[in-house]
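Just below is one structure, and these are the notes that go with it.
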């Protein structure tokens, strides 16, 4: 695939120079990467590199937090039963486990409920409130959902059940009628950080409850492994308080993880002592998600709460079987969808809207994302669920799928989401009309430039500059995620040494060595390009004709046979001067 290369501009050059000086002559490429992440002062750099749990915000800065903490404390004093109501994704199940485990620790009688994706759908609903009535709960704590659940909140009030909502999704102009609505995105909420995960909002409530009872809020830190899993898996921005929570959570995950996460890591072959956001996103998170995608998400909550090793092993096996079924369905659906997409694009060239009545609701979102990667167009995957067409939408940078759906609102029965992802429902008789209307809406938004995927570059970099100090500072940019991705560097005037070769089971990766022409010490670095086998002809041409290349890359450590060295991980390459 061809990419646009875009050097990210630094608007505040003075901050860049000042930061280099204040950080002991920090190399300009690293200082540039910091400024591009909003780090312009020494104090901001200290918080970025050396933050601790002591840098977390006071939970009582959040609107309604005093009300929520007092209500939970009162439930303990009165010996009330509490129902924890969660969602079926990773953020929702970790939130549910966090709150349930905490309330149990306080000696509160507690049960939990996670709705079924197919039978109940998303969000706070009547079926969960009825369960609260069934167990005699006087309080429901809803996590990672509820911010738009006006009808459900009214139903709970009519039944005499109090409700606390802990959510992080974008609210409407009015809020549900509840004892407390905790959401930093509320227009009237003064909380300094707006991008917490649902589990992160729940964690702040834990801290507040402990303070309300006169106990040390630091007792809540034992739950930060769950918060870390939620932050990484829910793809929330990794800056500010999320970065502090993620870093502290990784410390718990590496040193003292709960039984369920330890067993999940063993199944995923993840060494938790060196776990990163990458290991969570691609190893642990999908197995938790599989429970809700392929059946009952309550199994994931049970695993995260389980302390008995034998029972945890049994539950992990269940989740692994669900994940295997999910992968199989994923592959089958993706193959079918790709065939349909080729035909669909003949009539609708700007977007892909596909309908498979029997596709599983638990995998269509994943497949939509895969099709976006393949075709680099907005994609909607639809299936039939309880007699209604429902689906998941995914988009590309620069094209708001939410705005495109809004342009088709009159032919939909419902939609919601944000710029890059959304959910949608419609009547079957409107499918063909919706496909045409959506494609037309996207057509008005795209330009030839937008349809070419972009790689943003943090800085140019000479290979000679990659020394031990450079790597030691760069490594401290972790943990990585949205808004703090791995820095991307650009190197020019590189010659290929020896023969480039393909590696991997199917020869899908490339490996070669480079040296910068005219460099002072002639440093040679190994390069690995994952999934870049299509670059082999260009590499061979460069080597044969002596044409230098330009390279976009990350830097990583590579350990082989007990020896660790720095390695370049290629993102894209081209012949010198080519566009």
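Structure notes:
- Residues within the stretch 409-427 that are outside any strand (DSSP E or B) and within 18 Å of residue 348 (Cβ to Cβ), tallied: 2
- For the stretch 310-333, a residue qualifies if it is under 24 Å from the mean Cα position of the chain (by Cα) and within 13 Å of residue 364 (Cα to Cα), and the qualifying residues are 326, 327, 328, 329, 330, 331, 333.
- Residue under evaluation residue 324, criteria (1) buried (at least 21 other Cβ atoms within 10 Å of the Cβ); (2) at pLDDT below 95; (3) more than 28 Å from residue 85 (Cβ to Cβ), criterion not met: (1)
- Looking across the stretch 428-460, the residues that are within 30 Å of residue 477 (Cβ to Cβ) and touching a residue at least 60 places away in the same chain (Cβ under 8 Å) come down to 449, 452, 453, 454, 455, 456, 457, 458, 459, 460.
- Looking only at the stretch 415-427, residues that are out of contact with any strand residue (DSSP E or B) (no Cβ under 9 Å at 6 or more places or on another chain) and free of Cβ contacts under 8 Å to residues at least 60 places away in the same chain come to 1 in all.
- Test: residue 178 is assigned to a loop (DSSP other than H, G, I, E, B), at pLDDT 95 or above, in contact with a strand residue (DSSP E or B) (Cβ under 7 Å, 6 or more places away or on another chain) and crowded, with 22+ Cβ neighbours inside 10 Å: yes
- Summed over the stretch 517-554, the residues that are under 14 Å from residue 575 (Cβ atoms), in contact (Cβ under 8 Å) with a residue 40 or more places away in the chain and out of contact with any helix residue (DSSP H, G or I) (no Cβ under 6 Å at 6 or more places or on another chain) give a count of 9.
- The numbered conditions (1) in a helix (DSSP H, G or I); (2) surrounded by fewer than 24 Cβ atoms within 10 Å (Cβ to Cβ) are all true for residue 261 except (2).
- Residue selected from the stretch 396-408 under the condition touching a strand residue (DSSP E or B) at 6+ places or on another chain (Cβ under 7 Å) and outside any loop (DSSP other than H, G, I, E, B), by the criterion modelled with the highest pLDDT: 405
- Any hit, the stretch 381-395, residues being under 15 Å from residue 341 (Cα atoms), in contact with a helix residue (DSSP H, G or I) (Cβ under 6 Å, 6 or more places away or on another chain) and assigned to a helix (DSSP H, G or I): no
- Residue in the stretch 298-318 that is touching a strand residue (DSSP E or B) at 6+ places or on another chain (Cβ under 8 Å) and at pLDDT 95 or above present: yes
- Of the helices (runs of 4 or more DSSP H) lying entirely inside the stretch 18-126, the ones with 1 or more residues being in contact (Cβ under 8 Å) with a residue 12 or more places away in the chain and within 22 Å of the chain's Cα centre (by Cα) are found at 28-36, 42-50, 90-105.
- Residue 437 being modelled with pLDDT of 95 or more, surrounded by fewer than 22 Cβ atoms within 10 Å (Cβ to Cβ) and not assigned by TED's automatic domain parsing to the domain that holds residue 235: yes
- Within this structure, residue 237 passes the test of being more than 30 Å from residue 314 (Cα to Cα), assigned by TED's automatic domain parsing to the domain that holds residue 77 and outside any helix (DSSP H, G or I).
- None of 132, 142 is under 32 Å from the mean Cα position of the chain (by Cα) and either without any contact (Cβ under 8 Å) to a residue 24 or more places away in the chain or assigned to a helix (DSSP H, G or I) (or both) except 132.
- Of the candidates 47, 36, the single residue that is under 30 Å from residue 529 (Cβ atoms) and out of contact with any strand residue (DSSP E or B) (no Cβ under 7 Å at 6 or more places or on another chain) is 36.
- The stretch 455-481: number of residues that are within 21 Å of the chain's Cα centre (by Cα) and surrounded by 14 or more Cβ atoms within 10 Å (Cβ to Cβ): 6
- Scanning the stretch 1-33 for residues that are farther than 24 Å from residue 491 by Cβ and either surrounded by 14 or more Cβ atoms within 10 Å (Cβ to Cβ) or touching a strand residue (DSSP E or B) at 6+ places or on another chain (Cβ under 6 Å) (or both) turns up 15, 18, 22.
- With respect to the conditions (1) touching a helix residue (DSSP H, G or I) at 6+ places or on another chain (Cβ under 8 Å); (2) surrounded by 16 or more Cβ atoms within 10 Å (Cβ to Cβ), residue 329 lacks only one, and its number is (1).
- Applying the criterion of being within 27 Å of the chain's Cα centre (by Cα) and not in a helix (DSSP H, G or I) to the residues of the stretch 435-449, the residue that is farthest from residue 424 (Cα to Cα) is 449.
- Set 337, 310, 297: member being assigned by TED's automatic domain parsing to the domain that holds residue 102 and crowded, with 22+ Cβ neighbours inside 10 Å: 297
The values are calculated or read from the model by the stated rules, or taken from the named source; none is laboratory data. Keep in mind that what you see is a predicted model, and the values were worked out from it rather than measured. Don't worry about glycine lacking a Cβ; one is built from the backbone with ideal geometry, like all the others, and counts go over all protein chains shown.
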